[in-house]
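These notes concern the structure reproduced below.
The values are calculated or read from the model by the stated rules, or taken from the named source; none is laboratory data. Since the model is a prediction, treat every value here as computed from it, not as a measurement. Positions of Cβ are generated from backbone atoms using ideal geometry, with glycine treated the same way; all protein chains shown enter the neighbour counts.
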Amino acid sequence: MKLISIERFIANKYSHLLTMLITFLLLLPLFEKEQRETGLRLITLLLLLTIFLCLRVTVSNKKIFWACVSIAAFAYLLDALSIYAESDQAKNAILIVNSIINCIFVASTIVILMKSMFKKPTINLNTILGGVCVYLLIGILWAIFYMLQYKLDPTVIEGEADSSLFYFSYTTLTTLGYGDIVPKAKFMMMLASFEAIAGQMFLAVFIARLVGLHTAQEIRRKDKTSN
C-alpha cells in the first residue's frame, strides 16, 4: 500500500506541487497583520516540504538535492530567528539575507524542474502541470526580489507594498498591471519589466512547446493504434 502511494506521488508530483502552490497563494491574504508572520511561516513550511518531495523524485544527484534542502532550511531558520532580533535594524538585516538565500533556492528549483521536464521521454498532462508550477514559481521568485529591494529601501514602491508584493508580482507577470502598486526606483522598474517579459516568453515558448510535444505524441499514438 505504501509503495503504491509513493508511486502515485511520483507519477503525479507536479499536480501535488501545483495544488500546494495554489493553496499557498490563496492563504496568503487570509492572515491578519498580527498573524501574518506565524501564518506565513506555517504555509511556507508546507510548501517547502512539497517542493522537497518533488525534488527528491526529480533529482538523480543526491548532492544537488541535499544542497537545495540545506539552502531552504537555512533560509527558513534565519526567518524564524528574526523574531529574536534585538532591534528592527538587526531584524531587517536578517530578512535581507533570508531573501537572498530564498532567491537562490527558488531559482535553483525552477532550473531543476525545467531540465527534468525536457529530459522525460514522453510529455503528459502532469508534465504540462509542471510547467504551470514553474510559472507560479517565477512569480514567487520575483516577489522575493521585490521584497529584497523593499527591505533595502521602502521608497522603491508606491502603495501598500509590504503585504501585497506577491499580488504585485503576479499582476506584473501576467502583464495585467492595475497600477495600484507602482515601482518608483529605476531598478524596480527594470525588475518589473523583466518579469513581464519573462512571463510572456515562458507562456509563448516553454508552455507552448510542452503542449506542442504532448499533442504530437498523442497524434503519433493514435496513428499507431489505428494502423
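Annotations for the structure displayed:
- Screening the range 111-153 for residues that are modelled with pLDDT of 85 or more and surrounded by fewer than 15 Cβ atoms within 10 Å (Cβ to Cβ) and picking the one that is farthest from I94 (Cα to Cα) gives K115.
- Unique match (being under 26 Å from T19 (Cα atoms) and touching an Asp or Glu at 6+ places or on another chain (Cβ under 9 Å)) among F206, F168: F168
- Qualifying residue in the range 186-196 (condition: surrounded by 13 or more Cβ atoms within 10 Å (Cβ to Cβ), of a type in the set (A, V, I, L, M), without any contact (Cβ under 8 Å) to a residue 40 or more places away in the chain and not in a helix (DSSP H, G or I)): no
- Residues that are assigned to a helix (DSSP H, G or I), crowded, with 18+ Cβ neighbours inside 10 Å and under 22 Å from the mean Cα position of the chain (by Cα) do occur in the range 203-214, at least one of them.
- Pick from the range 80-91, criterion part of a helix (DSSP H, G or I) and among the hydroxyl-bearing types (S, T, Y), ranking: surrounded by the fewest Cβ atoms within 10 Å (Cβ to Cβ): Y84
- Subset tally (residues that are assigned to a helix (DSSP H, G or I) and within 20 Å of the chain's Cα centre (by Cα)) for the range 152-184: 9
- Flag for L77 being part of a helix (DSSP H, G or I) and more than 17 Å from L148 (Cα to Cα): yes
- Every pair of residues 6+ apart whose Cβ atoms lie under 7 Å, when the first sits in the range 53-68 and is in a helix (DSSP H, G or I) while the second is among the hydroxyl-bearing types (S, T, Y): L55/T109; C68/S108; C68/T109
- Filter pass, L137 being closer than 19 Å to L21 by Cβ and free of Cβ contacts under 8 Å to residues at least 40 places away in the same chain: no
- Filtering C54, C103 for residues that are over 21 Å from Y150 (Cα atoms) and either touching a strand residue (DSSP E or B) at 6+ places or on another chain (Cβ under 7 Å) or surrounded by 15 or more Cβ atoms within 10 Å (Cβ to Cβ) (or both) leaves a single hit, C54.
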